[in-house]
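Working notes, structure below.
The values are calculated or read from the model by the stated rules, or taken from the named source; none is laboratory data. Bear in mind that the values here come from a model prediction, so they are computed numbers and not experimental data. Neighbour counts are summed over all protein chains in view; Cβ atoms, including those assigned to glycine, are modelled from backbone coordinates with ideal geometry.
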Amino acid sequence: MGVQSHESFDEDRLGGRVQAILEAPYWLVSDPADRPVPSVQQYLQDFWARGMSSSSVESYARDLLRWFRFLWGSGKDWNRVTRDDVREFVTMLRASTKKPLRRRRPVPAVNEVSGKPYLSDQYSPRTINHNMSVLFAFYDFHRRALTGPLRNPVPERAGHYGRFGAHRNPEEEYRQGPRADYRQKVPVQAPRSIPDKAFEELFTKLGTDRDRALVAFYVSSAARPSELVGLTNGMVDVGQQCISVVRKGTGAIQRIPASNEAFKWFRLYQESLPGELLRQGATAWWTLRKPYRPLNYEAARGILRRVNSVLGANWTLHDFRHTAAIRMARDPNVSLTDIQAVLGHVHISTTEAYLRLREDEVIERVNQHFVLRAAAKRYPATAPAHPSPYSAADMTELFGGNEWQ
């Protein structure tokens, strides 16, 4: 088809880069000659003007750079591509490996402590699907602006321009429509959380009050990692035991509760800081080494990486959010809508994922089942009898006599 093989697709070798700039849309995609790519910048400008965050603009810019690197390597013009070129791009992503990590991928592929798989060096189905969604939006923008192909080369799912299932009979079973061509199957998994015992081991390995306060807030407030790192001192309300976070998707400020333990560790951490860092508008999290600098997301990840290296685990900051949500879901006094509000989910169907049984709990109960069966075979006389589903008092009243056995 005239495109490079996956073995020769080296993104760095093909050039181009994404760089931050000081004006909207705050991210710039450059070609191998370090010149801006006009078609991309036009789209990113429109994307940002529609109220999207800077982090979303960066994500879209990196996906578009990957596509243009593919075009540069195959000698194709962006406005003359066809459906076949999109298919070749997806084929290449499925067969290619990402930029090598600093460490060789561990063997086995699943961590023995956490039970979580390690990050793969292949492009995941979610990454490919996100890239397809970005490309569809990119070409749809240029189609409407009459600056690109009159037909979008990226396949779409039937009913894209109308709400899918809008005319479905509500009395009939809902059926999810077919995926668009070249969209990948994404495995559906229950959210992974940290078991209580494993969390206690993790927490004891934290070396400072700052780290303990940060993790305690993560695992009780269910805030997203970037949301919690963005806290200022004025956003921490000790009296109401709430923190105010800027929601990642909407940018709205929302108050969410956190545990008493988190506020205790936070107070101990603040006592170690100089007074000028405790002013109302100052960031709540600082580096430990002087000169003090605001703690960013990568530094927060570094805290967990150091603990993981000691435990031999591969927990992530987002696992704390899952853990907090599942703990709340196990409490009968907390409703599903309460959890939805704390997590900041738009649709309650997203929150329902936390009602699924946790893997470690299922394994524990099934293993106990095996133990009871083995005991019943070995000692049938002492094996616990299955209790009657009927009340003994009701059976006595029905059949008479003494207490019914």
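So is SER309 among the hydroxyl-bearing types (Ser, Thr, Tyr), under 19 Å from LEU206 (Cβ atoms) and either at pLDDT below 90 or part of a helix (DSSP H, G or I) (or both) or not?
yes
What pairs can you find where one residue is in segment 131-151 and closer than 18 Å to GLU58 by Cβ, the other is among the hydrophobic types (A, V, I, L, M, F, W, C) and part of a helix (DSSP H, G or I), and their Cβ atoms are less than 6 Å apart, with a gap of 6+ or different chains?
LEU135/TRP67
Quick check on VAL310: is it surrounded by fewer than 16 Cβ atoms within 10 Å (Cβ to Cβ) and free of Cβ contacts under 8 Å to residues at least 60 places away in the same chain?
Against the criterion (surrounded by fewer than 16 Cβ atoms within 10 Å (Cβ to Cβ) and free of Cβ contacts under 8 Å to residues at least 60 places away in the same chain), VAL310 does not qualify.
Test ALA158 against the criterion of being of a type in the set (Gly, Ala, Ser), farther than 21 Å from LEU317 by Cα and modelled with pLDDT of 50 or more, and give yes or no.
Yes: the conditions hold for ALA158.
Inspect all residues belonging to segment 73-92 and state whether any of them is at pLDDT 90 or above, buried (at least 19 other Cβ atoms within 10 Å of the Cβ) and touching a strand residue (DSSP E or B) at 6+ places or on another chain (Cβ under 8 Å).
Scanning segment 73-92, I find no residue that is at pLDDT 90 or above, buried (at least 19 other Cβ atoms within 10 Å of the Cβ) and touching a strand residue (DSSP E or B) at 6+ places or on another chain (Cβ under 8 Å), so the answer is no.
Name the single residue that is modelled with the highest pLDDT among those in segment 53-72 being among the small types (Gly, Ala, Ser) and either touching a helix residue (DSSP H, G or I) at 6+ places or on another chain (Cβ under 6 Å) or part of a helix (DSSP H, G or I) (or both).
If we take residues in segment 53-72 being among the small types (Gly, Ala, Ser) and either touching a helix residue (DSSP H, G or I) at 6+ places or on another chain (Cβ under 6 Å) or part of a helix (DSSP H, G or I) (or both), then ALA61 is modelled with the highest pLDDT.
Quick check: is even one residue across segment 213-222 on the phi > 0 side of the Ramachandran plot, of a type outside the set (S, T, N, Q) and touching a Lys or Arg at 6+ places or on another chain (Cβ under 8 Å)?
Yes - at least one qualifying residue is present in segment 213-222.
Specify which of the listed residues (GLU227, GLU200) is buried (at least 19 other Cβ atoms within 10 Å of the Cβ), acidic (Asp, Glu), assigned to a helix (DSSP H, G or I) and at pLDDT 90 or above.
GLU227
Do you know which residues across segment 250-288 are in a loop (DSSP other than H, G, I, E, B), loosely packed, with under 12 Cβ neighbours inside 10 Å and within 24 Å of the chain's Cα centre (by Cα)?
Passing the criteria: GLY251, ALA252.
I need the full set of residues from segment 38-57 which are under 18 Å from GLY16 (Cβ atoms) and not aromatic (Phe, Trp, Tyr), in order please.
The answer is PRO38, SER39, VAL40, GLN41, GLN42, LEU44, VAL57.
For segment 73-100: of the residues being in a helix (DSSP H, G or I) and under 22 Å from the mean Cα position of the chain (by Cα), which is nearest to PRO38 (Cα to Cα)?
Filtering segment 73-100 for residues that are in a helix (DSSP H, G or I) and under 22 Å from the mean Cα position of the chain (by Cα), the one nearest to PRO38 (Cα to Cα) comes out as LEU93.
State whether one or more residues within segment 349-364 are aliphatic (A, V, I, L, M), closer than 19 Å to LEU214 by Cα, more than 23 Å from the chain's Cα centre (by Cα) and surrounded by fewer than 16 Cβ atoms within 10 Å (Cβ to Cβ).
no
Does LEU317 fit the bill of being surrounded by fewer than 19 Cβ atoms within 10 Å (Cβ to Cβ), in contact (Cβ under 8 Å) with a residue 40 or more places away in the chain, under 21 Å from TRP265 (Cβ atoms) and in the same structural domain as GLU261 (by TED's automatic domain parsing)?
No.
Is segment 126-137 home to any residue that is closer than 30 Å to LEU22 by Cβ and of a type in the set (Val, Ile, Thr)?
Checked segment 126-137: at least one residue is closer than 30 Å to LEU22 by Cβ and of a type in the set (Val, Ile, Thr).
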